[in-house]
1. Can you tell me which residues in the range 117-148 are in contact with a helix residue (DSSP H, G or I) (Cβ under 8 Å, 6 or more places away or on another chain), at pLDDT below 95 and hydrophobic (A, V, I, L, M, F, W, C)?
2. Take the range 125-136 and flag every residue that is surrounded by fewer than 18 Cβ atoms within 10 Å (Cβ to Cβ) and under 18 Å from the mean Cα position of the chain (by Cα).
3. Could you please find all residues in the range 33-54 being at pLDDT 90 or above and open to solvent by less than 60 Å² (accessible area, probe 1.4 Å)?
4. I'd like the residue in the range 9-32 that is within 30 Å of Asp83 (Cα to Cα) and not aromatic (Phe, Trp, Tyr) and, out of all such residues, is most open to solvent (accessible area, probe 1.4 Å).
Amino acid sequence: MDLSLDGGDEQLTMVGLLFECASGLRRVFDEQLDRDPALSGQAFDVLIRLARTPGERLRMAELAVWTSLSPSGLTRAVDRLVDAGLVEREACPEDRRGAFAVLSESGRSLMAAAVPRHADHVRSLVGPVLTSAEQAELQCLLRKLRDHLRGLPTGSAPTGSAADPAGSSCPEQSRPSGRSGGGPWTTVAPRAPAADLGSARITGTEQ
């Protein structure tokens, strides 16, 4: 049976590979987190977002967007972190119905110890396979695709090629022969807005 799609088969292959890589990453990182007595996958997902966000705080609504937890799943996860003393809730002065999730001092200490272990794991997985230039190019392309998908209305089925968003184009990368061990979580210090932490979500989701 001929299933050729005038070039679309290459795009199907590309998307299929993305799903396979995502599934493989979830599996190996779930196994890693299962061996960490201090953190579950959901806890790490929330805490890494807060730890790497300027001010170490996010509105609950923002945190729901930048994690892959459902609103009810996020509420339960944050409740558990508050009970454990790792996160604090603060009222939002501009919105009485809103609240901030804020990384506590205990949460900061926990992540300061946990992140280097997980960064080493990332380096062991990615470093032998991709050069530093390939890692930078892949990160740029994935962020570009992620931002496009997040801008689509629910249930939309776009056709044709979307214009590149301003500032989202990826510069051409040179490809040195050496391999890089660089990982995305080499420090807990906030370095980027939560919207720019595409690599932080590595575990399964609660619906």
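The values are calculated or read from the model by the stated rules, or taken from the named source; none is laboratory data. Predicted, not measured: the structure shown is a model, and the values here were computed from it. With ideal geometry, Cβ positions are generated from the backbone for all residues, glycine too; neighbour counts draw on all protein chains shown. Accessible surface is based on the protein model in full, side chains and every heavy atom, while ligands, DNA and RNA are left aside. Shrake-Rupley method; radii C 1.70, N 1.55, O 1.52, S 1.80 Å.
1. If the condition is that a residue be in contact with a helix residue (DSSP H, G or I) (Cβ under 8 Å, 6 or more places away or on another chain), at pLDDT below 95 and hydrophobic (A, V, I, L, M, F, W, C), then Leu125, Val126 are the ones that fit.
2. Leu125, Ala136, listed by residue number.
3. Val46, Leu47, Ile48, Arg49, Leu50, Ala51, Arg52, Thr53, listed by residue number.
4. Here the answer is Arg27.
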